[in-house]
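Student: Handing you this structure, nothing more for now.
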There are 2 protein chains.
Amino acid sequence: MIRTGTTVEQMVRAIADMIVTGELLPGAKLDEVSLAARFDVSRTPVREALRELGAMGLIAREPNRSAVVTNVTEAYLHSMFEAMAELEAICARLSAERMTVDERRALELEHRGSVRLVHAGAEEEYSAHNTEFHTRLYRGAHNDHVFEMVTQTRARLAPFRRAQFRLPGRLAKSYEEHGRIVTAIMRADAAAAGQAAYSHVEIVSDASAVFATPGE
Amino acid sequence: MIRTGTTVEQMVRAIADMIVTGELLPGAKLDEVSLAARFDVSRTPVREALRELGAMGLIAREPNRSAVVTNVTEAYLHSMFEAMAELEAICARLSAERMTVDERRALELEHRGSVRLVHAGAEEEYSAHNTEFHTRLYRGAHNDHVFEMVTQTRARLAPFRRAQFRLPGRLAKSYEEHGRIVTAIMRADAAAAGQAAYSHVEIVSDASAVFATPGE
DNA sequence: GCATTGCAAAGTGCATACAGATTGATCGAA
DNA sequence: TTCGATCAATCTGTATGCACTTTGCAATGC
């Protein structure tokens, strides 16, 4: 643990990870004294961390009440997946128009390299590749604000996507869909890239629907 | 001032307003003791408010250094306007597909009612109508997450748009562009609505470019 | 004259303490 | 037995105090 300053930042990351990885389930209470004890700090930095997590949408806070991990309703989850599809489509379109030669080449290499993971059925590794692939798309759009929005949305959706690659045949399907996006981008065909990216997310959304918590 | 609980929230709103209205210029330091004195509270709630403002992107914070009002670079500002155009386009498309009959009627009435403000040259009032008009579009998309993103982006762009309606002929132009959006939505023509909304923002972006602060 | 080091003032980071709010339980009355 | 009220335990909201960091200035050495 770094001695200085960033104590709160570390707690934010740690707690966010616990939420995203499902260690803290939606509805779980986060009381300040327990967290303070757990991280061996006083309540002051805990409160600041909770405030930041609240601003990130990961927890809900009400006056004089413990913070609780936000219970994403099915309706809101659906709206996030739809928004994610739109954002991915924007990134793919802009990437098709704006990626440098190097970025295009790197994207294609990243994609081609993943074919062996598909054949090997290496879910964990493919998941890492998948993150890298999409991040390249987000960066390739060359729009910082879009990058922020898509990154945040992706982070909030993470807990609901974790198991998606466990579904049979999902790896091959994902690879095929990635291929369509790559092809369109290499051709600088913005419309095709956008459509391919949109339907890619759409399908992931359907596959993950079973993991949603029931609405309140 | 409400006695209980929401002290921090009020400070967040107050400080955000000061930044958005230009009372606090980019680069201005926000030291905790002065703010505490100004709002007549201790430093603890001030710190929490600053953390939240940091999460909102309105101020930048570094360890052991005073918070400073963020100086949005021209590049980032441009990315926000572009993102805004994309988000407005999404809302317009979805509104064209999903708005209820009542929502469509209300949008059209809101639009038609504004024609007298254009003729009167009532800039302030038209600005209020404009906000209402766009908010209807955002709600009409029936997607909560998109609504959040577009609302946040709009809030962050607010300081750079304030003077836009002062430009000669801008009111009439805005009205005309709104009309195109409304027509497309009444026809449930998603593509046309999206394009009309996109170019609407694009033009506003150009008009506001002169108000951007120079990049660092 | 210029650079470097030391120091002091000011500000941030965090801990602790106290006040107010909430919740659950227990006791009493209908 | 059940409903209601009161009280205690617990937790949040805020104030205050102390330690550490930064920064500007001044003094000293080159």
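Student: For the structure I just gave you, tell me whether residue B:196 is at positive phi and either assigned to a helix (DSSP H, G or I) or modelled with pLDDT of 90 or more (or both).
Tutor: In short, no.
Student: Exactly one condition in (1) of a type outside the set (Lys, Arg); (2) more than 16 Å from DNA strand C (Cβ to nearest atom); (3) in contact with a helix residue (DSSP H, G or I) (Cβ under 9 Å, 6 or more places away or on another chain) is false for residue B:55; which is it?
Tutor: Going through the list (1) of a type outside the set (Lys, Arg); (2) more than 16 Å from DNA strand C (Cβ to nearest atom); (3) in contact with a helix residue (DSSP H, G or I) (Cβ under 9 Å, 6 or more places away or on another chain), residue B:55 breaks only (2).
Student: Just the residues that are within 14 Å of chain B (Cβ to nearest Cβ), under 14 Å from residue A:106 (Cβ atoms) and either more than 12 Å from the chain's Cα centre (by Cα) or surrounded by fewer than 18 Cβ atoms within 10 Å (Cβ to Cβ) (or both), please, taken from region A:129-157.
Tutor: Of everything in region A:129-157, those that are within 14 Å of chain B (Cβ to nearest Cβ), under 14 Å from residue A:106 (Cβ atoms) and either more than 12 Å from the chain's Cα centre (by Cα) or surrounded by fewer than 18 Cβ atoms within 10 Å (Cβ to Cβ) (or both) turn out to be A:139, A:140.
Student: Moving on to the next point. For residue B:53, are the conditions met, namely being within 17 Å of the chain's Cα centre (by Cα) and closer than 21 Å to residue A:7 by Cα?
Tutor: yes
Student: Now for a different question. Scan region A:37-51 and give yes if some residue there is more than 10 Å from DNA strand C (Cβ to nearest atom) and more than 29 Å from residue A:161 (Cα to Cα), otherwise no.
Tutor: yes
Condition check ((1) more than 21 Å from residue A:8 (Cα to Cα); (2) touching a Gly at 6+ places or on another chain (Cβ under 7 Å); (3) surrounded by fewer than 18 Cβ atoms within 10 Å (Cβ to Cβ)) across all residues:
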site	(1), (2), (3)
B:23	yes, no, yes
B:43	no, no, yes
B:46	no, no, no
B:49	no, no, no
B:58	no, no, no
B:77	yes, no, no
B:80	yes, no, no
B:87	yes, no, no
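Student: For region A:1-105, give me every one of the helices (runs of 4 or more DSSP H) that falls completely inside it and has 3 or more residues that are within 11 Å of chain B (Cβ to nearest Cβ) and modelled with pLDDT of 85 or more.
Tutor: Answer list for region A:1-105: A:7-20, A:43-56, A:74-98.
Student: Let me ask something additional. Going residue by residue through region B:65-81, is there one that turns out to be in contact with a Lys or Arg (Cβ under 7 Å, 6 or more places away or on another chain) and not hydrophobic (A, V, I, L, M, F, W, C)?
Tutor: yes
Student: Is it the case that residue B:66 is closer than 22 Å to residue B:145 by Cβ, more than 17 Å from the chain's Cα centre (by Cα) and either surrounded by fewer than 24 Cβ atoms within 10 Å (Cβ to Cβ) or in contact (Cβ under 8 Å) with a residue 40 or more places away in the chain (or both)?
Tutor: So residue B:66 fails the test.
Student: Surrounded by 16 or more Cβ atoms within 10 Å (Cβ to Cβ) and closer than 21 Å to residue A:54 by Cα: does that describe residue B:36?
Tutor: No, not satisfied.
Student: Oh, and also: Please go through region A:36-57 and pick out each residue that is within 16 Å of DNA strand D (Cβ to nearest atom) and touching a residue at least 40 places away in the same chain (Cβ under 8 Å).
Tutor: Once the filter is applied, which keeps residues that are within 16 Å of DNA strand D (Cβ to nearest atom) and touching a residue at least 40 places away in the same chain (Cβ under 8 Å), region A:36-57 yields A:48, A:49, A:52, A:53.
The values are calculated or read from the model by the stated rules, or taken from the named source; none is laboratory data. Values in this document were obtained by computation on a predicted structure and should not be read as measured data. Cβ: placed from backbone, ideal geometry, glycine included. Neighbour counts: every protein chain shown.
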